[in-house]
Amino acid sequence: MHGSRPLALAYALAILVLGPGAFGADATYAFRGYSTTLIRGQALFGEMTEACRHDFGGKARLCSAGEWSASAAAAAPRAAAWIGPDAGDGIGNDQCRLAPARGLGLALFPDGRLVGISCDRFRPVTCCTPRVR
């Protein structure tokens, strides 16, 4: 898979810096949908979260891959969408700025693949909202 080695190195770096629990999915959030606003991959977690809040309300935010896959309502996007790397800790797609994977962000494809791709593209954002208990 193109770009998977640098992305794996970025995850390893983040785990080294943040600790092994950094990439656990937040069980309190679940997939809600995809933003209608297209966001460039270099956007930070906050900008991607704002796109989600525009469509899904004030508690929406960028979904992690784990949150998306654990959601019963998880629907694949029609086109590739930005998604966070199993991080409920605010890392989101900031991996575009992490070395050595600088320039790659995590995207969810219509077939369910997670692929590190160029951050130069504008794409929708995968959004989660708090689970209804």
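Please treat every number below as a calculation from the coordinates, not as lab data. Here the structure is a predicted model, which means the values were calculated and not measured.
Counting 0.36 nm for each residue step from ALA79 to HIS54 and taking away their Cα separation leaves a gain of 7.0 nm.
Each residue of the range 110-125 is assigned a 3J(HN,Hα), and the resulting list reads x, 8, x, 6, 9, 9, x, 10, 4, 6, 6, 8, 9, 9, x, 10 Hz, derived from the Karplus form 6.51 cos²θ - 1.76 cosθ + 1.60 (θ = phi - 60°), x at Gly and Pro.
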